[in-house]
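*Asks:* Got a structure for you, questions after.
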Amino acid sequence: MSDPKPITKEKKKPVVPGHTGRRSLPPNVSNREEDEIPTMELFGVLPRGTNMKVYLEVQAVHVFKMQYEKTKKEHHTDKYVNDKLIIRRGQTFSIQIDFDRPYNPDTDQFWVEYVIGRYPQQSKGTYIPIPIVDKLEVGKWGAIITRKEHNSVNLTILSAPDCIIGKFRMYVAVLTPHGIMRTNRNAETDTYILFNPWCKEDAVYMDDEQEIEEYVMNDVGVVFHGDITNMKTRSWEYGQFEERVLDACLYIMDKAQLDLSGRGNPIKISRVGSAMINARDDDGVIAGSWNNDYTMGVSPSAWTGSVDILVEYHSSGLPVRYGQCWVFAGVFNTFLRCLGIPARLVTNYFSAHDNDANLQTDVFLDEDGKANTSLTKDSIWNYHCWNEAWMTRPDLPVGFGGWQAVDATPQETSDGMYRCGPASVQAIKHGHVCFPFDAPFIFSEVNSDIVYSKVLKDGTKFIEYVDKSHVGQKIVTKEIGANGAHDITDSYKFSEGTEEERLALDAALMYGVKKEIRDDDQLQSVPDADMDFQADNAVFGSDFKVTLTFKNQSSNRYKIAAFLTGHIVYYTGVLKAEFLNKDLDVTLEPTSSKAVEVQIRANEYLSKIVEQASLHFFVTARINETKKILAKQKIVALQVPELRIKALGEKIVGKEMTVLVEFTNPLKKKLQNVFLRVGGPGLMRTKSQTFREVPPNSTLNWEEKCKPMRAGARKLIATLDCDTLRHVYGELDLVILSDSSQ
């Protein structure tokens, strides 16, 4: 295409802001928008009487786009529910062109063109002319003729491994003495181009087939939640291959106004994605809510996966209500995997949120040793979910590619927007947090110290105790090929107390992102008394007990004044309401220990419980003789009942199957406005049902019909949600057989 210019039309388009300069073009930020491409691009005035019929003319173009055909299978795109050709960059594919007569290489010249967006330019990668060559060259676009028969020509095309990701329009151009003749716009030949983790030249290349199968092709994942002593799991339907999801992911980049020329770079795409998945400041995909009021939307715990969220956003263009960290991370994982970027969802237990950017978590105590909730602004989340995306980092020194932490949950702003990453996990581990993007914040999430400070009435502050091991105790992701937890803590941090950890902290200090706590700021001696905190297995709606064990390692007799408080907390660590406040006096004989049990009554916490049924216990103890302070925090996640799922009938593609969801109300009160969802990729699209009430100790039964769409190992996922009870899940693994009659 010779020096493309914006096409002049009868109705002028409004001037795009920022379109200045004599030869500049407006920003090309939309995959959906397109300009008309001239079917005849003349070199000059066409002589009168010229018969263009004598030149080679294209009759049809075949792109072999069916799921069962060779191209989609070789490019690992046959699972996408999409009737267009979908290929991965840096890999060959074939097309067939039918002409009006046999092709003569001595006299005829043609080529294939790919165009994306408006104002196509070869220098920007938005206009791609593909020359016919004798030999394909790795790293460059090219096409070779593999077969000529009658009026047809078969081409094998190689795409560049760094080309733009998106939906391209295809044309075939024929050179004549008078100009270039092109095929008409034909939506049937539109082609999606994705990242290619199988291609060594692609920035997202992975050399392990099992990892690719897990981190790109697996359409169901596991979210780890709960607390570190009671890790819970729930399945999440990524559904990256489901109908309309690919178009929704491309729409997200359009909505972000990411220039098309930057859409071949996984660094830019993941950074834009981390901003756009949340709707805090850019009308992104999901509106977050942490106040336990979801009357204007869907409770975060009610979602079974990403598909409904992405499809709704693509349809309306408005943020979908509501999400919390695992929802943001689940949808972000779908976005990345759908485009071909290897990605995984990560959970960090005891994740610090440093509000004042001093790279430590501050807890303030009054003169009696009780927690001062008005001064304490930092929080520690029971758990926090984010993502890792796999890519090279040519913008960083060698060795910092691979897994990059990216977080779509809106916590703090980065470059003026709520987003986080990509940050090299390797850089975080070694304390090299000067590298982009947002490494200091993630370093703090996994490696922050908790500093307990006593505040006197005159405002003077003294550091009483520093806990260096509470934050980031365990970081996990789904293991490859199974549903268990794979511990990746050592990817983010060295073992506590090792020389390597000291060096990493020194490096962070050198880069000025971690506040140094001087030895003279801390206690000069290790307390010779200690305290432990344990809780029974706590079931939602039932009583349970907690046990405080005080230990005296000294030869002295101690009297201890302890303060135990219990709060209802959001999983982010933010306090909602206090339900327990108890003073304890304990006398410890020399070299002895004493256990104190405290009964927790269900009626004390049930009326105040919120989203994730979590109770936060905080105990501080003062040794009267030495004035030393002991402090412990404990999160207790109450166990909630599960849903039971059954599948009745033949488990065969295309055959009707009955799905039965059962739930028994374990509480002594009726549940009202109970909302159920069930679905599973390749099995059934998500269906929902609301039940007005479920009486105490009664069982709810819900039946739905479905026809499985894909063979193989599949999973049904169900959720139950109501104001009284949330985070109720159930799942069922199935093996669906192919229909042998077809």
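*Asks:* Inside the stretch 118-136, can you point out the residues that are modelled with pLDDT of 95 or more, touching a strand residue (DSSP E or B) at 6+ places or on another chain (Cβ under 8 Å) and open to solvent by less than 40 Å² (accessible area, probe 1.4 Å)?
*Replies:* The answer is T126, Y127, I128, P129, I130.
*Asks:* Which of the residues spanning the stretch 386-410 are of a type in the set (A, V, I, L, M, F, W, C), in contact (Cβ under 8 Å) with a residue 12 or more places away in the chain and either open to solvent by 30 Å² or more (accessible area, probe 1.4 Å) or not in a loop (DSSP other than H, G, I, E, B) (or both)? Can you show your working first?
*Replies:* If we filter the stretch 386-410 for residues that are of a type in the set (A, V, I, L, M, F, W, C), which is where we start, we get 386, 389-391, 396, 398, 400, 403, 405-406, 408.
Going one step further and asking which of them are in contact (Cβ under 8 Å) with a residue 12 or more places away in the chain, we end up with 386, 389-391, 396, 400, 403, 405-406, 408.
Those that are of a type in the set (A, V, I, L, M, F, W, C), in contact (Cβ under 8 Å) with a residue 12 or more places away in the chain and either open to solvent by 30 Å² or more (accessible area, probe 1.4 Å) or not in a loop (DSSP other than H, G, I, E, B) (or both): W386, A389, W390, M391, W403, A405, V406.
*Asks:* Among the residues of the stretch 52-83, how many are in a loop (DSSP other than H, G, I, E, B) and of a type outside the set (A, V, I, L, M)?
*Replies:* 15
*Asks:* Tell me which residues, restricted to the stretch 601-633, are assigned to a strand (DSSP E or B) and within 37 Å of the chain's Cα centre (by Cα).
*Replies:* Correct list: S614, L615, H616, F617, F618, V619, A631, K632, Q633.
*Asks:* When the residues of the stretch 141-185 are narrowed to those that are loosely packed, with under 15 Cβ neighbours inside 10 Å and among the polar types (S, T, N, Q), which ends up farthest from K84 (Cα to Cα)?
*Replies:* Taking the candidates together, the pick is T146.
*Asks:* Collect the residues in the stretch 411-460 that are acidic (D, E) and open to solvent by 10 Å² or more (accessible area, probe 1.4 Å), keeping them in residue-number order. Talk me through it step by step, then tell me what you get.
*Replies:* The initial filter retains those residues of the stretch 411-460 that are acidic (D, E), namely 412, 415, 438, 445, 449, 458.
Of everything in the stretch 411-460, those that are acidic (D, E) and open to solvent by 10 Å² or more (accessible area, probe 1.4 Å) turn out to be E412, D415, D438, D449, D458.
*Asks:* Here's another thing I want to ask about it. State whether the residues of the stretch 315-333 include one that is within 29 Å of M206 (Cα to Cα), among the charged types (D, E, K, R) and modelled with pLDDT of 95 or more.
*Replies:* Checked against the condition, which is being within 29 Å of M206 (Cα to Cα), among the charged types (D, E, K, R) and modelled with pLDDT of 95 or more, the stretch 315-333 yields no hits at all.
*Asks:* Name the pairs: first residue in the stretch 215-226 and in contact (Cβ under 8 Å) with a residue 60 or more places away in the chain, second residue of a type in the set (V, I, T) and open to solvent by 10 Å² or more (accessible area, probe 1.4 Å), Cβ to Cβ under 8 Å, at least 6 apart or on different chains?
*Replies:* Every condition considered, the pairs that remain are V222/T233; V223/T233; F224/T233; H225/T233.
*Asks:* Let me ask something additional. Please specify each residue of the stretch 548-562 satisfying the condition of being farther than 16 Å from A595 by Cβ and open to solvent by less than 30 Å² (accessible area, probe 1.4 Å).
*Replies:* Of everything in the stretch 548-562, those that are farther than 16 Å from A595 by Cβ and open to solvent by less than 30 Å² (accessible area, probe 1.4 Å) turn out to be S554, A561.
*Asks:* Assess whether K608 counts as being within 25 Å of T719 (Cβ to Cβ) and of a type in the set (D, E, K, R). Steps first, please.
*Replies:* Numbers: within 25 Å of T719 (Cβ to Cβ): yes; of a type in the set (D, E, K, R): yes.
So K608 fits the description; yes.
*Asks:* So, one more: Tell me which strands (runs of 3 or more DSSP E) are completely within the stretch 96-207 and hold 1 or more residues being within 41 Å of the chain's Cα centre (by Cα) and under 27 Å from K73 (Cα atoms), or say none if there are none.
*Replies:* Once the strands (runs of 3 or more DSSP E) in the stretch 96-207 are filtered for at least 1 residues that are within 41 Å of the chain's Cα centre (by Cα) and under 27 Å from K73 (Cα atoms), what remains is 110-115, 127-130, 142-149, 152-158, 166-176, 191-194.
*Asks:* Condition first: modelled with pLDDT under 95 and open to solvent by less than 10 Å² (accessible area, probe 1.4 Å). Can you find one or more residues in the stretch 198-216 that meet it?
*Replies:* Within the stretch 198-216, not a single residue is modelled with pLDDT under 95 and open to solvent by less than 10 Å² (accessible area, probe 1.4 Å).
*Asks:* Out of all the residues in the stretch 572-611, which are at pLDDT below 85 and open to solvent by 90 Å² or more (accessible area, probe 1.4 Å)?
*Replies:* Scanning the stretch 572-611 gives K576, S607.
*Asks:* Tell me, which residue of the stretch 656-666 that is open to solvent by 10 Å² or more (accessible area, probe 1.4 Å) and either out of contact with any Gly (no Cβ under 7 Å at 6 or more places or on another chain) or not in a loop (DSSP other than H, G, I, E, B) (or both) is nearest to D723 (Cα to Cα)?
*Replies:* Restricting to residues being open to solvent by 10 Å² or more (accessible area, probe 1.4 Å) and either out of contact with any Gly (no Cβ under 7 Å at 6 or more places or on another chain) or not in a loop (DSSP other than H, G, I, E, B) (or both), the top hit is T664.
*Asks:* Scan the stretch 446-464 for residues that are in contact (Cβ under 8 Å) with a residue 12 or more places away in the chain and assigned to a loop (DSSP other than H, G, I, E, B) and jot them down.
*Replies:* S448, D449, L456, K457
*Asks:* Quick check on my filter: what residues within the stretch 544-572 are part of a strand (DSSP E or B) and under 30 Å from S301 (Cα atoms)?
*Replies:* Residues of the stretch 544-572 that are part of a strand (DSSP E or B), as a first pass: 544-552, 558-569.
Residues satisfying the conditions are F544, K545, V546, T565, G566, H567, I568, V569.
*Asks:* Going through the stretch 634-646 one residue at a time, which ones are open to solvent by 20 Å² or more (accessible area, probe 1.4 Å) and either assigned to a loop (DSSP other than H, G, I, E, B) or over 15 Å from N382 (Cβ atoms) (or both)?
*Replies:* V640, P641, E642, R644, K646, listed by residue number.
*Asks:* Can you give me the number of residues within the stretch 675-694 that are open to solvent by 60 Å² or more (accessible area, probe 1.4 Å), farther than 29 Å from Q67 by Cβ and of a type outside the set (S, T, N, Q)?
*Replies:* Looking only at that region, the number is 2.
*Asks:* Looking only at the stretch 465-489, count how many residues are over 16 Å from Y383 (Cβ atoms) and either free of Cβ contacts under 8 Å to residues at least 60 places away in the same chain or among the aliphatic types (A, V, I, L, M) (or both).
*Replies:* At the first step, the residues of the stretch 465-489 found to be over 16 Å from Y383 (Cβ atoms) are 465-469, 479-484.
Checking which are either free of Cβ contacts under 8 Å to residues at least 60 places away in the same chain or among the aliphatic types (A, V, I, L, M) (or both) leaves us with 466, 468-469, 479-480, 482, 484.
Going through the stretch 465-489 one residue at a time, the tally reaches 7.
*Asks:* Sticking with this one: Of the conditions (1) more than 16 Å from S235 (Cβ to Cβ); (2) over 28 Å from the mean Cα position of the chain (by Cα); (3) touching a residue at least 40 places away in the same chain (Cβ under 8 Å), P708 fails just one. Which one is it?
*Replies:* That leaves (2) as the condition not met.
*Asks:* With the requirement that a residue be closer than 19 Å to Y171 by Cα and out of contact with any His (no Cβ under 8 Å at 6 or more places or on another chain), what does the stretch 76-96 give you?
*Replies:* D83, K84, L85, R89, T92, S94 - these are the residues of the stretch 76-96 that are closer than 19 Å to Y171 by Cα and out of contact with any His (no Cβ under 8 Å at 6 or more places or on another chain).
*Asks:* Looking at L46, L25, can you tell me which residue is crowded, with 16+ Cβ neighbours inside 10 Å and either under 33 Å from the mean Cα position of the chain (by Cα) or at pLDDT 50 or above (or both)?
*Replies:* L25
*Asks:* Looking only at the stretch 368-422, how many residues end up being under 25 Å from P319 (Cβ atoms) and among the aliphatic types (A, V, I, L, M)?
*Replies:* Residues flagged as under 25 Å from P319 (Cβ atoms) and among the aliphatic types (A, V, I, L, M) within the stretch 368-422 amount to 5.
*Asks:* Return the total of residues in the stretch 612-630 being among the small types (G, A, S) and modelled with pLDDT of 85 or more. Let's see the steps before the verdict.
*Replies:* At the first step, the residues of the stretch 612-630 found to be among the small types (G, A, S) are 613-614, 621.
Checking the rest, the ones that are also modelled with pLDDT of 85 or more come to 621.
Qualifying residue count, the stretch 612-630: 1.
*Asks:* Of all residues being touching an Asp or Glu at 6+ places or on another chain (Cβ under 9 Å) and more than 30 Å from V610 (Cβ to Cβ) in the stretch 709-742, which is most open to solvent (accessible area, probe 1.4 Å)? Just the residue, please.
*Replies:* Here the residue is L737.
*Asks:* Continuing with this model, one more query. Could you list all residues from the stretch 612-631 that are open to solvent by 10 Å² or more (accessible area, probe 1.4 Å) and under 14 Å from H567 (Cβ atoms)?
*Replies:* Residues satisfying the conditions are Q612, H616, F618.
*Asks:* One residue is enough: does the stretch 650-667 have a residue meeting the conditions modelled with pLDDT of 90 or more and in contact with a helix residue (DSSP H, G or I) (Cβ under 8 Å, 6 or more places away or on another chain)?
*Replies:* No, there is no match, as no residue in the stretch 650-667 is modelled with pLDDT of 90 or more and in contact with a helix residue (DSSP H, G or I) (Cβ under 8 Å, 6 or more places away or on another chain).
The values are calculated or read from the model by the stated rules, or taken from the named source; none is laboratory data. This one's a predicted model, so the numbers in the text were calculated from it and none came from an experiment. Don't worry about glycine lacking a Cβ; one is built from the backbone with ideal geometry, like all the others, and counts go over all protein chains shown. Heads up: the accessible areas ignore ligands, DNA and RNA and are worked out on the full protein's heavy atoms, side chains in. Shrake-Rupley method; radii C 1.70, N 1.55, O 1.52, S 1.80 Å.
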